[in-house]
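Trainee: The structure's right below; bear with me while I get my questions together.
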Amino acid sequence: MNETDLIMDRCEQLATISSQPDRLERVHLSPEHKAVNALVAEWMSEAGLSTWQDPAGNQCGRLEGREPGLPALLIGSHIDTVPDAGRYDGMLGVLLAIAVAGRIHGSHNALPFALEVVAFSDEEGTRFGMALLGSRALSGSWNEEWWSLADKDGITLAEAFQDFGLDPARLPGAYRRPENYVGYLETHIEQGPILEDHDRRLAVVTSIAGARRYAITVTGKAGHAGGTPYDRRRDALVGASELVVEVERISKQRGVIGTVGRLQAFPGGVNVIPGVVELSLDLRAEFDNDRDDALAELWAVVDEICTRRGLAFETRELYRADAVPCDARLMRAVDAGIRSTGDEKPMAFWSRAGHDGMAVVNLTPIAMLFLRCRGGVSHHPDEHVKKSDVTAALDAFEAAVLAIAKEKTAR
Ligand code: HGY
Ligand code: MN
Ligand code: MN
């Protein structure tokens, strides 16, 4: 099997490791997480890496450079998924990183740094609502308050660690030290249509959007769907619906990206006016101030909606990650990597999606390489990549690593 076929085949294998029989869902610290870590460790070993699982459940592998113990270039992506996920978001980046390390090991091309491959345990935040738990642990940007976060069954993060065989007290052992790293490089599917629209395969990422996520509760009063006249209703769902439409209006007007991905009405009877609605908000933008200004406008508008309708609303911030610029030196290496595949003027644009680099930047400078995905579709089982694009991404990724090595040797 050639390298690309092997990568595609491994994506299929990982896609079968799911907590759901009919769709892909693999969350942090689950039995499925344990199973993929074991499989990824096996593939890392085959590529010539020494392997270990760190105290945050990240699966790691290391290939020494010219001499043992040199600072490392960190390469990889995440191994967890959203509900009903595609096969490539995260996983492809891990497999490409293993393949790059395998190529370098196979060619005995010892670098002026070590390569550390990482399969991050949690990027999506599907289970605990807090994203980037794996990369935040690794980069030492951990918050002790997160231990009491609970999943939908009430299991806390601390309990989940123990169930997985990890010790919360040992988490600081996952923190890496900046002096031991030369940078972080990740390859990821674009998750948007820009490359496809421009008929291009690969791009340099310039920065990663800053995001804030909220849990919002709108409270009115439940009542009889037949007997309650309109002028006496305090329908939380009609108010929440206005809010959802405002999220779209304000976002479009201000050039930010707002999504309500979850909404639940209570008590949930067909003949009962909804008394309470719980909904989520994900708001992101290239620049943090644009995102925050949009949020301020939204809260003012929601206040007006709720006052007009006799409703109350509460907001709770679940997650916040500020926009992160990619490092100019590493971006030049990614650009050179893409050029080596025959693209004379690589595209460069910012990532609308969040990535582990948002946390890793607290440890070491970051850069990313994007590859085209069909229709820009992601977070959906229809996620698809062309084999020839994967081959190009692998060649560009390897060339980018070699460009960093060359630049480091020249310095
Ligand atoms: O939601 C995001 O942007 C990322 O895919 N986790
Ligand atoms: Mn994702
Ligand atoms: Mn991802």
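Trainee: Return the residues of region 52-91 that are touching a strand residue (DSSP E or B) at 6+ places or on another chain (Cβ under 9 Å), of a type outside the set (Ser, Thr, Tyr), outside any strand (DSSP E or B) and within 15 Å of ligand 1 (Cβ to nearest atom); say none if nothing qualifies.
Mentor: ILE79, ASP80, GLY86, ASP89, GLY90, MET91
Trainee: Return the pairs, sorted by first residue and then second, in which the second residue is acidic (Asp, Glu) and not in a strand (DSSP E or B), the first residue lies in region 48-63 and is more than 28 Å from HIS108 (Cβ to Cβ), the beta carbons are less than 9 Å apart, and the residues are 6+ apart or on different chains.
Mentor: Hits for this filter: PRO55/ASP167; ALA56/ASP122; GLY57/ASP122.
Trainee: Moving to a separate point now. Which one of these is within 24 Å of ASP199 (Cβ to Cβ) and at pLDDT 95 or above: ASP292, ASP356, ASP303, ASP382? Let's see the steps before the verdict.
Mentor: Numbers: ASP292 fails: within 24 Å of ASP199 (Cβ to Cβ); ASP356 fails: within 24 Å of ASP199 (Cβ to Cβ); ASP303 fails: within 24 Å of ASP199 (Cβ to Cβ).
Going through ASP292, ASP356, ASP303, ASP382 in turn, just one is within 24 Å of ASP199 (Cβ to Cβ) and at pLDDT 95 or above: ASP382.
Trainee: Considering only region 6-28, state which residues are in a helix (DSSP H, G or I), in contact (Cβ under 8 Å) with a residue 60 or more places away in the chain and of a type outside the set (Val, Ile, Thr).
Mentor: Taking region 6-28 as the starting set, the residues that turn out to be in a helix (DSSP H, G or I) are 6-15.
From the residues that got through so far, the ones that are in contact (Cβ under 8 Å) with a residue 60 or more places away in the chain too are 6-8, 10-12, 14-15.
Within region 6-28, LEU6, MET8, ARG10, CYS11, GLU12, LEU14, ALA15 meet the criteria.
Trainee: Being outside any helix (DSSP H, G or I) and over 44 Å from the mean Cα position of the chain (by Cα) is the filter here, so list the residues in region 225-239 that pass it. Don't jump to the end; show me each part of the working.
Mentor: Initial filter on region 225-239 (outside any helix (DSSP H, G or I)): 225-229, 233-235.
GLY226, GLY227, THR228, PRO229, listed by residue number.
Trainee: Exactly one condition in (1) assigned to a loop (DSSP other than H, G, I, E, B); (2) in contact with a Ser or Thr (Cβ under 9 Å, 6 or more places away or on another chain); (3) farther than 21 Å from GLU25 by Cβ is not met by VAL118; state its number.
Mentor: Of (1) assigned to a loop (DSSP other than H, G, I, E, B); (2) in contact with a Ser or Thr (Cβ under 9 Å, 6 or more places away or on another chain); (3) farther than 21 Å from GLU25 by Cβ, only one is false for VAL118: (1).
Trainee: State whether the residues of region 389-410 include one that is within 16 Å of ligand 2 (Cβ to nearest atom) and buried (at least 22 other Cβ atoms within 10 Å of the Cβ). If you could, list the steps in order and put the result at the bottom.
Mentor: Taking region 389-410 and keeping what is within 16 Å of ligand 2 (Cβ to nearest atom), we get none.
There is no residue in region 389-410 that is within 16 Å of ligand 2 (Cβ to nearest atom) and buried (at least 22 other Cβ atoms within 10 Å of the Cβ).
A quick yes/no check of all residues on (1) within 16 Å of ligand 3 (Cβ to nearest atom); (2) more than 27 Å from ILE216 (Cβ to Cβ); (3) outside the structural domain of ALA99 (by TED's automatic domain parsing):
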position: GLU123; (1), (2), (3): yes, no, no
position: MET130; (1), (2), (3): yes, no, no
position: SER139; (1), (2), (3): no, yes, no
position: LEU149; (1), (2), (3): no, no, no
position: LYS152; (1), (2), (3): no, no, no
position: THR156; (1), (2), (3): no, no, no
position: GLN162; (1), (2), (3): no, yes, no
position: GLY165; (1), (2), (3): no, yes, no
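Trainee: Could you list, in sequence order, all residues of region 29-51 that are part of a helix (DSSP H, G or I) and under 17 Å from ALA99 (Cβ atoms)? Explain how you work it out, then say what you get.
Mentor: Going through region 29-51, the residues part of a helix (DSSP H, G or I) turn out to be 31-46.
Residues satisfying the conditions are VAL36, LEU39, VAL40, ALA41, GLU42, TRP43, MET44, SER45, GLU46.
Trainee: Related question: May I ask you to list the residues in region 383-394 that are part of a loop (DSSP other than H, G, I, E, B) and either within 16 Å of ligand 3 (Cβ to nearest atom) or of a type in the set (A, V, I, L, M) (or both)? Give the derivation first.
Mentor: The first filter runs over region 383-394 and keeps only residues part of a loop (DSSP other than H, G, I, E, B), leaving 383-386.
Within region 383-394, GLU383, HIS384, VAL385 qualify.
Trainee: I've got another one for you. Looking only at residues that are within 16 Å of ligand 1 (Cβ to nearest atom) and aromatic (Phe, Trp, Tyr) in region 111-163, which one is farthest from ILE75 (Cα to Cα)?
Mentor: Looking at residues that are within 16 Å of ligand 1 (Cβ to nearest atom) and aromatic (Phe, Trp, Tyr), I get PHE128.
Trainee: For the list (1) under 29 Å from ARG291 (Cα atoms); (2) surrounded by fewer than 16 Cβ atoms within 10 Å (Cβ to Cβ); (3) over 19 Å from the mean Cα position of the chain (by Cα); (4) in contact (Cβ under 8 Å) with a residue 12 or more places away in the chain, I need the number of the one condition that PRO193 fails.
Mentor: With (1) under 29 Å from ARG291 (Cα atoms); (2) surrounded by fewer than 16 Cβ atoms within 10 Å (Cβ to Cβ); (3) over 19 Å from the mean Cα position of the chain (by Cα); (4) in contact (Cβ under 8 Å) with a residue 12 or more places away in the chain applied to PRO193, the lone miss is (3).
The values are calculated or read from the model by the stated rules, or taken from the named source; none is laboratory data. Just so we're clear, the structure is a prediction, and the values are computed from it rather than from any experiment. Every residue, glycine as well, gets a Cβ built from its backbone with ideal geometry; the counts of neighbours run over all protein chains shown.
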